[in-house]
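Q: Please read through the structure below; I'll follow up with questions.
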Amino acid sequence: MTGFKERTRIANYTGLPELMSMFKQVADIRTADTLKLDVPDCDYQVVQVEATPFQQELVQELADRADAINAGNVDPTIDNMLKITSDGRKLGLDPRLIDPSFEDNPDTKLNRCVENVARIHAETAEDRLTQIIFCDLGVPHKAAGEAEVEGEDADDVKDKKSIAEVESLEEECDFCVYEVR
């Protein structure tokens, strides 16, 4: 058993043209082609990263947690499917987002992104190009503040922050956009 349940969702709608017609009566819909905004040329790069053996072990632990929840053995205030889903997303990026004491493996998505950003920065330093990285996981929120990191991990965090610094935007610049998921 995998610990995950298959759910059935709505596959299609009837009367969709009529629904869209009613929606357009109250909505102001704008698309990129109607707005005609200047958009810079971007170099999108998709880098696929295989799960590390440790990540595979943790996925099995997530499945075991899901089994326990589905069997009714866990109080929902202690563990639930939303927490498992969140941990799964974090695990896909870097296991240290779940527990900072986990090993820093260079083969995680996060570390591969840092390597690529540092490489591109070094290659394009003379042209002062800009890189933009979108990442919605592991980013401290203003309300939460930054967690204090000590020891060897503090140096690692500082190194990775300095490697991934983004140069100031100039009037004309090329962009390299990364989206880390």
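Q: Using per-residue counts of other Cβ atoms within 10 Å, averaged over each peptide, order 40-47, 111-118, 82-89 from highest down.
A: In descending order of packing, they fall as 111-118, 82-89, 40-47.
Q: Using the beta-carbon distance between I10 and A125 and R0 = 45 Å, what value does 1/(1 + (r/R0)^6) give for FRET efficiency, to the nearest 0.05?
A: About 0.30, to the nearest 0.05.
Q: Hey, what's region 33-84 come to in accessible area per residue, 1.4 Å probe, Å²?
A: 78 Å²
Q: Using the beta-carbon distance between V139 and M20 and R0 = 30 Å, what value does 1/(1 + (r/R0)^6) give for FRET efficiency, to the nearest 0.05?
A: The calculated FRET efficiency here is 0.25.
Q: Which residues' amide hydrogens lie under 5 Å from the amide hydrogen of T130, considering only partners 5 or more residues apart or on another chain, with H built in the peptide plane?
A: D174, C176
Q: Residue by residue, what Karplus-based ³J(HN,Hα) values in Hz, rounded to whole numbers, does region 130-139 have, using 6.51, -1.76 and 1.60 with θ = phi - 60° and x for Gly and Pro?
A: Taking θ as phi minus 60°, the curve returns 10, 10, 10, 10, 9, 8, 9, 10, x, 9 Hz for region 130-139.
Q: Report the full-extension gain for the segment L82 to Q45: residue separation times 0.36 nm, less the Cα-Cα distance, to one decimal in nm.
A: Gain in length upon complete extension: 10.3 nm.
Q: A follow-up question, please. Pop out the ³J(HN,Hα) list for region 98-115 in order, Karplus 6.51 cos²θ - 1.76 cosθ + 1.60 with θ = phi - 60°, rounded to Hz; leave Gly and Pro as x.
A: With the stated coefficients, region 98-115 comes to 7, 9, x, 7, 5, 4, 8, 8, x, 9, 7, 4, 4, 5, 5, 4, 4, 4 Hz.
The values are calculated or read from the model by the stated rules, or taken from the named source; none is laboratory data. As the structure is a prediction and not an experimental result, all values here were calculated from the model. Neighbour counts run over all protein chains shown; Cβ positions are idealised from the backbone, glycine included. The protein model used for the area step is the full one, side chains on, heavy atoms only, and it has no ligands, DNA or RNA in it. Shrake-Rupley method; radii C 1.70, N 1.55, O 1.52, S 1.80 Å.
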